[in-house]
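Sharing a structure here in structure tokens format.
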Amino acid sequence: MEGAQSANVTIADPERGAMRFGLRAKFIVTVLLILTVTMAANTWYFVHTSTQRQEQQLRERGHALGRLISLISPQAIIAFDYLQLNDYTREVSAQPDVVYGVIVTPKGIPISTYIRGADAATRHQAQAARPDDLVETLRRLGGEADLLSLDFPIVHNDVELGRFLVGLSRGSLHKEIHRQLVTQLLLLAAVVLFLGAAIYTVFRFNVLQPIQKLITASRVVARGEYAVVDVDSTDEFGMLARAFNAMASEVKHKQERLQRQANFDSLTGLPNRMMAFERIGLEVQRAKRQGERFALMFIDLDNFKDVNDSLGHPAGDRLLVDIGARLKDCMRACDTVARLGGDEFLVVVPTFSDEAEIERIAARIAKAVSEPQLLCGRKVVAKCSIGVAIYPDNGESVEALMANADNAMYQAKAVHSGSAMFFTEEMNTRLRERVLLEQGLDAAVEQGQLTLFFQPVHQTRCGRLKGAEVLLRWRHPERGFISPADFVPVAEASGQIVQIGDWVLEQACRCWSAWRSAGIDPGSLAINISSVQFKRNISERLGRLMAAYGIPPHALELELTERVLLEDHKQVAEEFTKLRALGVRLALDDFGTGYSSLSYLKYFRFDLLKIDRSFVAGLPDSLDDASVVKAILAMAAGLDLEVVAEGVETHTQLQFLSAQACDYAQGYLIAKPMDEMSYGKYLQELNAGGAEGAISRLMGGVAARDAISF
Amino acid sequence: MIVGSQGGRFRVVTKYVGLCGLLLATVLKSAAYAADGNLVLGIFPRYNATDTATMYMPLADYLSQRLGNIKVTVATTKDFDTFWKGVEDQKYDVVHFNQYQFIRSAKNYRVIAHSQEFGRNAVAGAIFVRRDSGITDLTQLRGRTVIFGGGRDAMLSYIAPRFLLMRAGLKDEDFKSEFAVNPPNALLALYHRQADAAGGGDILVDLPVVKNAIDAGELKVLAMTDPLLFLPWAVKRTMPAKLRNSIQSILTELGQDPAGKEILKAAKTSGINKAEDKDYAVHRTMVKAVMGPKGMGR
């Protein structure tokens, strides 16, 4: 794990304060509750049994006094010795806890009354009480709310002489209970506090601290760092800590793997887009801090898709791996080489002296990329386009630098494949234009700003009209005509080409049908088909249009570039079969400018080839061009393919082509592209013999010179 | 407890010899009281024996001191019957008892003084009833219970009240007689409604022992006799006059000096005054009426 660190956990818990009722508080409350309930129950039991025992003792004491008085009183009662009885009751009442002692007659009349602490008047009050109220009166006069009232008969020779009433106060009993309760509660509090503190101490050292360590370690791990908990016990927490450490280690390894997967390209092992952006961000900060510049080089392999399509994806992957390794090898250790995805690479050059050094680095990169490599038994030479953006000249943010480097690369690729370009503001201007074009194309179809032009194609030997290539023009309301070379790539990139292509097909069909209805033979119309459009089931669309406009199969010719063939061979082959079933003729456009794989010609059945104007332009003086054209014509003859030469602008070119048995010629020499109306007139003139004659003369002239030449 | 001596016998040989012998005998007899050196002071068991000894020991010591070489000792008994036996046997040289006992023993004993209690020389016999009893006349006690303190020989607690009842026409069988262990208890019994009337000295209701035990205000005197002189002090009739007079003087002069006052205080007596036999004539009348001639002791 990059940046990971191992730490023994001693970090204070920053969120501890946020925890309102944690394990510690719960434990303390629970322990205190249990201890308090247990000790309270124990205290209650102790006090309860003590109360019962003391109540029993009080009762026994009362009974002892009562029995004694009952035993000694008969003589005094019989002798009317009330003073003696008074002595008895006084002595009884002087005993601890005794509130009153009263001897009453069998009728309940008190004959000796003594209330502890009461004066004579109070005693007289008691003596004056009615028998029914006597006990209550005594209780009231004694000032005791809680009395144990006992009643003993005084009997002599089985004759009841009276009764002895004695009231014992539970006051001292209550005081004793209260004292015991206070003592017990104090003891309870002390025991609860002591046991609570002891249990908490054990809990803290054996549970809370390990848990706290685990929590802190978990948070460290959650922050993406690596933490290990000290294990110094063999109990469950020790096991938990070991399990945690194992988990943290596993997490660390997985994080490292994820980190690698997230930041490095799995194919090449180079930093991926995410890490590249991060590095660029760091470089921006560093450069800004130090006031330095650094360079961003956006590398895109040219036509890499062709390798994948022709040699398979494993071969393409091998190429990417090798190029990545070569890029890394040719750069300094301080430079960053990253793969952004697909065939895009990025190089960050943190220090450089001047733009010339960057150019040298770009050249070194181009050279490294273009080193031949053997893939699937074939030697492959890759090329790349490089866009360069300089911080801070071309942007001060990662996004701006990336966008500008990409733009520069795009321009380099557009201008010259395999070149490197520094970003300029003009590129941005072009980019803005491109965006404007893209936006304008939407309205172009709807508002009828697109229009078709037709450039005639004639036979080189006799000048007879073969037909015309349908060319698309965009008449912009503000910018005037916009070249297809400008907006078609934009439409292809945005996907708008499908809609535009459909429109072209329908308009072509409509025009042909209109001319035919006008009694004019328009010949065949060659329509350029984009690879994007080709993949959208063009045979079905074309079939509907031909049926709708009554177009015979030979009247339409579809021009495909080699790029179409680079797609999924199976799908292309299926579409080819469907088109052939329609009877539509197929032409391979711009032959010689691409891979020009002869296997395409073998695999896909074309009706004719179109020699790119770049080969025709040098004719007949350029020996190379002449050789290529001758080779193409020879190959086409061998494959029974007709050939159309594009861009014929001079008589010598036409003569050369005619002499080499090129079937058809197309170019300004013969006729410029013309709109529907003009082409209609052109056709009328041809039909009338005017144009036909001129063309024939032109062609005838060629033949005469050919004769001279050859 | 006996303290006593035998008198000598005189043979009259001649008149002169006889006269001389009589004179000599008298002298010798007097000398015999002195030569014996002991006098027995008998105290009736009004209180228990221990208290009685404690109360009168100072008096005995004082008498011993004042009488010179005569040792005076205190004698009492646990009950009245035993005491009365001692009186009849003349075991006591000086005796302090109740009025009825004096009247019965007057043939052997001469009264020389009487006690003064609560500052009073005399006390009347009385019949008490509860104020809420509704009894306003002695005749209403017919068929009721009358309680007396002590026994039937109690002068103030039985004889005097009984005399009042007799005088009201109530015979012994006209009411039920109950006896408390002592006079205060008779009032307490009345107070506690154990009797309808109580007999006793009119002084009873003022005694602290009664006041502390009951609300004496609940009681009232229904009838009362003439004042009766308090408890008598008597000496044997055989006692020489000089000694008798000396003892009388010592007793009646106790209240004149602090030491004597302390002695009186110890004996719970406020004073001792001279008395003679005729002072107890009223008592004799009552005793005779109540107890009959047999009760007079003659």
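Work out how much length A:Thr36 to A:Ala518 would gain on full extension: take 0.36 nm times their residue separation and subtract the Cα-Cα distance, in nm to one decimal.
Gain in length upon complete extension: 162.2 nm.
Something else: Cross-link list A:Lys610/A:Lys672; B:Lys211/B:Lys268; B:Lys91/B:Lys242; A:Lys578/A:Lys681: which exceed 28 angstrom alpha carbon to alpha carbon?
Those over the limit are A:Lys578/A:Lys681.
Next up: Can you tell me which aspartates and glutamates have their Cα less than 17 Å from the Cα of A:Lys254? Leave out same-chain residues fewer than eight positions away.
Result set, ordered by chain and number: A:Glu2, A:Glu225, A:Asp265.
Name all residues of segment A:29-50 having a backbone nitrogen under 16 Å from the label point set 7 Å from the Cα of A:Val182 along its Cα→Cβ direction, giving them as ranges.
So the set is empty, nothing qualifies.
Ratio of Rg to Rh for segment A:334-486, alpha carbon only, Kirkwood?
1.13
Exceeding 32 Å between C-alpha atoms, which entries from my cross-link table qualify? They are A:Lys252/A:Lys379; A:Lys252/A:Lys413; B:Lys236/B:Lys265; B:Lys85/B:Lys288; A:Lys107/A:Lys175.
Violating the 32 Å limit, Cα to Cα: A:Lys252/A:Lys379; A:Lys252/A:Lys413; A:Lys107/A:Lys175.
State the Cα centre-to-centre distance between segment A:220-280 and segment B:139-200 in whole Å.
Here the answer is 120 Å between Cα centres.
Is any helix in chain A, taking whole DSSP H runs, at least 27 angstrom long along its axis by alpha carbon and on average at least 0.0 on the Kyte-Doolittle scale, and which ones?
Those that clear 27 Å and a mean of 0.0 are A:23-78, A:171-203, A:497-517, A:690-709.
In addition: What share of Cα pairs, in percent, lie more than 13 angstrom apart in segment A:228-280?
66 percent
Between A:Ala485 and A:Glu438, how many nm apart are label points set 7 Å from Cα along the C-beta direction?
Distance between label points: 2.2 nm.
Starting from the Cα gyration tensor of segment A:141-264, multiply each eigenvalue by 5, take the square root, and state the resulting semi-axes largest first in whole Å.
That gives 79, 14, 12 Å for the three semi-axes.
Just add up the charged neighbours of A:Ala368: K/R +1, D/E -1, any other residue whose Cβ is under 11 Å from the Cβ of A:Ala368.
Net charge around A:Ala368: +1.
Put one equal scatterer on each alpha carbon of segment A:151-205, apply the Debye formula with no solvent term, and list log10 I(q)/I(0) at q = 0.12, 0.27 1/Å to two decimals.
Log10 of I(q)/I(0), two decimals: -0.57, -0.96.
Can you pull the Kirkwood radius for segment A:284-403, inverse mean 1/r over Cα pairs, to one decimal in Å?
When all Cα pairs of segment A:284-403 are included, the Kirkwood radius is 15.0 Å.
Dividing the convex hull volume of the Cα atoms of segment A:120-195 by its residue count, what figure in Å³ per residue is obtained?
Hull volume over Cα atoms, normalised by residue count, gives 134 Å³.
Here's something else I'd like to know. Could you state the number of Å between the C-alpha centres of segment B:44-92 and segment A:292-319?
153 Å
Net charge near A:Leu346, counting Lys/Arg +1 and Asp/Glu -1 over other residues with Cβ under 13 Å of its Cβ?
-4
Suppose we keep just the alpha-carbon trace of segment A:187-340; what are its Rg and Dmax in angstrom?
Considering segment A:187-340 through its Cα atoms, Rg and Dmax are 27.1, 95 Å.
Follow-up. Which whole number of Å³ per residue matches the convex hull of the alpha-carbon atoms in chain B?
It comes to 131 Å³ per residue, whole-number rounded.
At what distance in nm do the modelled label points of A:Arg286 and A:Glu574 sit from each other, each positioned 7 Å from its Cα along Cα→Cβ?
5.2 nm
Let me ask another. Hey, if you drop one equal point scatterer on each alpha-carbon of segment A:623-693 and run the Debye formula without solvent, what base-10 log of I(q)/I(0) do you get at q = 0.27 Å⁻¹?
-1.16
Now, a different point. Considering only DSSP beta bridges with both partners in the protein assembly as shown, what is the antiparallel share in %, to the nearest 5?
That works out to approximately 65 percent antiparallel.
For segment A:477-561, what's the radius of gyration and Dmax over Cα atoms, in angstrom?
Rg, Dmax (Cα atoms, Å): 13.9, 40.
Which whole number gives the average count of other chain Cβ atoms within 10 Å of the Cβ atoms across peptide A:106-112?
2
In terms of modelled amide H atoms, which long-range or inter-chain residues lie less than 5 Å from the amide H of B:Val72?
Close amide H contacts, sequence-distant or interchain: B:Leu39, B:Ser64.
Same structure again: Set the Förster distance to 30 Å, then compute FRET efficiency between A:Arg140 and A:Ala64 from the Cβ-Cβ distance, nearest 0.05.
Plugging the Cβ-Cβ distance into 1/(1 + (r/R0)^6) gives 0.70.
Mind jotting down a quarter of the surface of the convex hull over the alpha carbons of segment B:124-233, in square nanometres, one decimal?
Taking the Cα atoms of segment B:124-233, their convex hull projects to 6.3 nm² on average.
Let me ask another. Rounded to a whole number of µm²/s, how large is the Stokes-Einstein D of segment A:420-529 at 4 °C and 1.567 mPa s, given Rh as the Kirkwood radius over C-alpha pairs?
The calculation lands on 82 µm²/s.
Still on this model: Label A:Asp132 and A:Arg605 with points 7 Å out from Cα along Cα→Cβ: what is the distance between them in nm?
The answer from the label model is 13.9 nm.
Starting from a Cα-only point model with no solvent, please compute log10 I(q)/I(0) by Debye for chain A at q = 0.05, 0.07 1/Å.
The computed values of log10 I(q)/I(0) come out as -0.53, -0.74.
Amide H to amide H under 5 Å from A:Ile527: which residues, 5+ apart in sequence or cross-chain, H placed 1.01 Å off N in plane?
A:Val470, A:Glu557, A:Leu558, A:Glu559
Could you give the length gained by full extension between A:Ala356 and A:Leu374, i.e. 0.36 nm per residue of separation minus their alpha carbon distance, to one decimal place?
3.2 nm
Expressed in nm to one decimal, what extension gain is obtained for the pair A:Arg260 and A:Glu236 from 0.36 nm per residue of sequence separation less their Cα-Cα distance?
5.1 nm
Then there's this: Using the alpha-carbon atoms, what tilt in degrees (0 to 90, nearest 10) does helix B:241-252 show relative to the longest principal axis of chain B?
Rounded to the nearest ten degrees, it is 40.
Pull up all non-local amide H partners of B:Thr238: gap of 5 or more, or a different chain, and H-to-H distance under 5 Å with H placed in the peptide plane.
Amide H to amide H, under 5 Å and 5 or more residues apart or across chains, B:Thr238 pairs with nothing.
Could you tally the net charge around A:Leu83, taking each other residue with its Cβ under 15 Å from the Cβ of A:Leu83, Lys/Arg +1 and Asp/Glu -1?
Result for the local shell: 0.
Bear in mind that the values in this text are calculations on the coordinates, not laboratory data. Bear in mind the structure is a predicted one, so any value in this text is a computation, not a measurement. Here Cβ is always computed from backbone atoms with ideal geometry, including for glycine, and neighbour counts include all displayed protein chains.
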